[in-house]
Amino acid sequence: MTRIALTIEGYDWHARALTAAFATLGATVVRLHLDSCGFATGHPTGLDLPGFADAPPDAVLVREMAGGSFEQVTRRLGVLHALSALGVPVWNDARAIERCVDKSMTSFLLAHAGVPTPDTWTVEGIERARAVFAAAGGTLVLKPLFGAQGKGLRRIETVDDLPEPATVAGVYYLQRHIASGGEGFRDHRVFVCGGEVLAAMTRRGAFWITNIKQGGTPEPLLPDREMTEVALRAAAAVGASYAGVDLLRDRDGRLWVLEVNSMPAWRGLQRVADVNVAMRLAAAVLTAVRAR
């Protein structure tokens, strides 16, 4: 039977949905905590993976990866790099995760690929951040370089809004603020998987941060052709096999990619989607296994 390693930190709603989906499709899920994995060069695979003593998994689906020290995160990503080197399909692989976790690299790759994304600056030190604000003109958004779920976002409307370096670990990731068109505050999440769009939603909020974890409300969305094409290009730019692409249409009707998430949650999306996201994601991973 096909054995899928599912990297998780806790057996949450997503993990249960994926385990059930793989079982329905005839595959077995083995839960894997990357902090329990290691390198063992005397082993035939060169890796020590709990639950895979004799052979590596047929595929790996990275649902979660815990933070930690620089050394810990490097080692965990190294395990994923090694699995890819062994020819195991890894969704998403370490390179895509690295590109998405580091928002500055995401922005660079999107802009380099010609994907519409707001002007972005990433600098060290508050004096350089103040210089960026002065040169940019207008409102900026400060985001944690490593962060998700809308946590830690700030609107920078005056130079005094810039926090002290310790608040942002010395790094200022600043993005030009784009006001959404239409009434209220809204943006869109498009779920890309295996080169196609599986589902999408509009997120509405009581204020400018619309993430579901921050109180945003999901609404059904049938993405138009432009949204579909831009989301697919964004996922391709970072090399993601699956991704949550955040889009915003401004007051002039122009579409912007705000972020690309390589380990997207979809519980809010599933509430308004017609497709079973876990089932479609599991099926795509198994297609990759068969292709190998």
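The values are calculated or read from the model by the stated rules, or taken from the named source; none is laboratory data. This structure is a prediction, so every number in the text was calculated from the model and none was measured. Cβ placement follows ideal geometry from the backbone for every residue including glycine, while neighbour counts extend to all protein chains displayed.
Considering only residues that are in contact with a strand residue (DSSP E or B) (Cβ under 7 Å, 6 or more places away or on another chain), within 18 Å of residue 98 (Cα to Cα) and either in a helix (DSSP H, G or I) or among the hydrophobic types (A, V, I, L, M, F, W, C) (or both), which ones fall in region 258-292? Give the derivation first.
Restricting attention to region 258-292, the residues satisfying the condition of being in contact with a strand residue (DSSP E or B) (Cβ under 7 Å, 6 or more places away or on another chain) are 258-264, 266, 268-269, 271-273, 275, 277, 280-281, 284-286, 288-289.
Imposing the further condition that a residue be within 18 Å of residue 98 (Cα to Cα) reduces the set to 258-264.
Selection gives 258, 260, 263.
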query = Within region 155-169, is even one residue of a type in the set (D, E, K, R), surrounded by 18 or more Cβ atoms within 10 Å (Cβ to Cβ) and outside the structural domain of residue 187 (by TED's automatic domain parsing)?
reply = no
query = Out of the residues in region 14-71 that are exposed (fewer than 15 other Cβ atoms within 10 Å of the Cβ) and under 19 Å from the mean Cα position of the chain (by Cα), which is farthest from residue 88 (Cα to Cα)?
reply = 68
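Given region 150-197, what strands (runs of 3 or more DSSP E) lie entirely inside it while holding 2 or more residues that are at pLDDT 95 or above?
Details: elements: 154-156, 171-176, 185-193.
Per the criteria, 171-176, 185-193.
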key: Odd one out for residue 179, checked against (1) surrounded by fewer than 16 Cβ atoms within 10 Å (Cβ to Cβ); (2) closer than 26 Å to residue 65 by Cβ   = (2)
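For region 1-105, which strands (runs of 3 or more DSSP E) that fit wholly inside it have 3 or more residues that are assigned by TED's automatic domain parsing to the domain that holds residue 261 and modelled with pLDDT under 95?
Numbers: elements: 2-7, 27-32, 59-62.
Once the strands (runs of 3 or more DSSP E) in region 1-105 are filtered for at least 3 residues that are assigned by TED's automatic domain parsing to the domain that holds residue 261 and modelled with pLDDT under 95, nothing remains.
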query = Inside region 14-43, can you point out the residues that are aromatic (Phe, Trp, Tyr) and under 12 Å from residue 286 (Cβ atoms)?
reply = 22
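How about region 1-12: which of its residues are more than 21 Å from residue 76 (Cβ to Cβ) and surrounded by fewer than 13 Cβ atoms within 10 Å (Cβ to Cβ)?
Within region 1-12, the subset more than 21 Å from residue 76 (Cβ to Cβ) is 1-2.
Passing the criteria: only 1.
Just checking, does region 109-123 include any residue being within 30 Å of residue 39 (Cβ to Cβ) and either touching a Cys at 6+ places or on another chain (Cβ under 6 Å) or not charged (D, E, K, R) (or both)? Before you say what the answer is, go through the steps one by one.
Within region 109-123, the subset within 30 Å of residue 39 (Cβ to Cβ) is 109.
Filter once more, so that each one left must be either touching a Cys at 6+ places or on another chain (Cβ under 6 Å) or not charged (D, E, K, R) (or both): 109.
Yes, region 109-123 has at least one match.
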ask   = Restricted to region 72-92, and to residues that are in contact with a strand residue (DSSP E or B) (Cβ under 8 Å, 6 or more places away or on another chain), within 22 Å of residue 194 (Cα to Cα) and not aliphatic (A, V, I, L, M), which residue is surrounded by the fewest Cβ atoms within 10 Å (Cβ to Cβ)?
value = 84
request  = Tally the residues that are part of a strand (DSSP E or B) and β-branched (Val, Ile, Thr), restricting the search to region 198-222.
outcome  = 2
